[in-house]
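As structure tokens, the structure follows; a few thoughts come after it.
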Amino acid sequence: MKTVVLVLCFLVNVLLHFSGSARTCANLDNFNFLRRNRDLTGFLIDVIENIGIVECAAECKLRNKCKSSSFQHSSGKCKLFGITIQQAGNSVVTKTGTDMSDELNWPSRIAGPCEDHTCSINEVCEPTSRYSKKCVEADCPSPPTVADAQPAFTTTYETTKIGSQLTYTCDFNFHPVGNRTCLPDGTWSDFKCELGHCPIEDGYILLENVCIKVTSYKKQFPGARAKCSEAGDRLVVLDTERKNAVVSVYVNTNIGPAWYIIGLSDVQTEGAFLWEDGHVVTFTKWRLGEPNDDGGKEDCVVLESKIKSWVDIPCTYSELYICEKLL
């Protein structure tokens, strides 16, 4: 008898869903397996809005990776989880108006033609008629790591859905090749960060993926920028702690302690320091008391290699300079 009630409730829930009415059609006290006023933090595999409690349980049945679900009665919000209530332990929390249940608590027939389906872990069983069904790719597995790159996202159920495109930040002097998208067949498209060629034969040095060239003669900032540009380079951008340290140690050890012009200045707007690539400075390594601007005349920046720190100077000063080739 209870199974008949559940099936009828499922059908009524569908009708109520389309009419925008109440989302619960049965006395929930009849479902003694419900964990009343409980919800789960974490382990989400999907969220479905504006459905009924039996529909929510049915959605869990359609996914082999779903082990439990929670349903918020006031909003019709259904959350599906990849773990049972018992396995969740302390992750189960009190939440008034939200009930939880395990997938196995509900009869399989609420899934209609998808009862006892054999879809894969990343597929959803989709009814196509009263008696037929098909398996549809729903998401991709967790994205593989990318060498020489940092993910600019947090992996959630949303980032692994079909069509999701993920963003990575390649390490300095690496450039992105391809894109990382969850394809309709449930696989990830190819993406990598590639290192370009550093022409060591032309006097460049490769330092942990930084390709630089240090001159043996001095120039003022405009002349140094122009000479770097002639070779397709730019004045070096020291926008991370590691990069600043690596370049500092190299020039200090191999060329000698000195001031080296780098690609940082506030020529355009006083006090607003920009790198040669146009980015506003975020990481800084100023020497104590710098930048002091000395009466508005110090708009360019040098690296004081001995202490790995920066000093602002007049752009008319002639100093050694460091060019960086983008790989």
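Read-outs throughout are calculated quantities, based only on the coordinates presented, and are distinct from any laboratory measurement. Everything numeric in this text was worked out from a predicted model, so none of it was measured. With ideal geometry, Cβ positions are generated from the backbone for all residues, glycine too; neighbour counts draw on all protein chains shown.
Where Lys and Arg each count +1 and Asp and Glu each count -1, what net charge lies around VAL280 among other residues with Cβ under 11 Å from its Cβ?
-3
Against the longest principal axis of the chain, how steep is helix 241-254, in degrees 0 to 90 to the nearest 10, with axes from Cα atoms?
Long axis of 241-254 versus the principal axis of the chain: about 30 degrees.
For THR282 and GLU115, what does the FRET efficiency come to when R0 = 51 Å and r is the distance between their Cβ atoms, rounded to the nearest 0.05?
The calculated FRET efficiency here is 0.35.
What is the list of residues in the range 289-304 whose amide nitrogen lies under 17 Å from a point 7 angstrom out from the Cα of LEU274, following Cα to Cβ?
Inside the label zone: 299-301.
Could you tell me the relative contact order of the chain? Use alpha-carbon pairs under 8 Å, at least six residues apart, and round to a whole percent.
Relative contact order for the chain comes out at 12 percent.
Report the full-extension gain for the segment ILE48 to LYS161: residue separation times 0.36 nm, less the Cα-Cα distance, to one decimal in nm.
Length difference between fully extended and current span is 39.4 nm.
Restricting to Cα pairs below 8 Å that are 6+ residues apart, what does the relative contact order work out to for the range 95-225? Please round to a whole percent.
Rounded, it is 15 percent for the range 95-225.
Can you grab the distance from the C-alpha centre of the range 128-190 to the C-alpha centre of the range 277-292, Å, no decimals?
If we compute the Cα centre of each part, the gap is 37 Å.
Taking the Cβ of ILE307 as the centre, find all other residues whose Cβ is under 13 Å away and add up their charges (Lys, Arg: +1; Asp, Glu: -1).
Charge balance near ILE307 sits at +2.
In the neighborhood of PRO176, defined by Cβ-to-Cβ distances under 14 Å, what is the net charge if each Lys or Arg adds +1 and each Asp or Glu adds -1?
Details: positive: ARG180, LYS192; negative: ASP148, ASP171, ASP190, GLU194.
Every neighbour counted, the sum reads -2.
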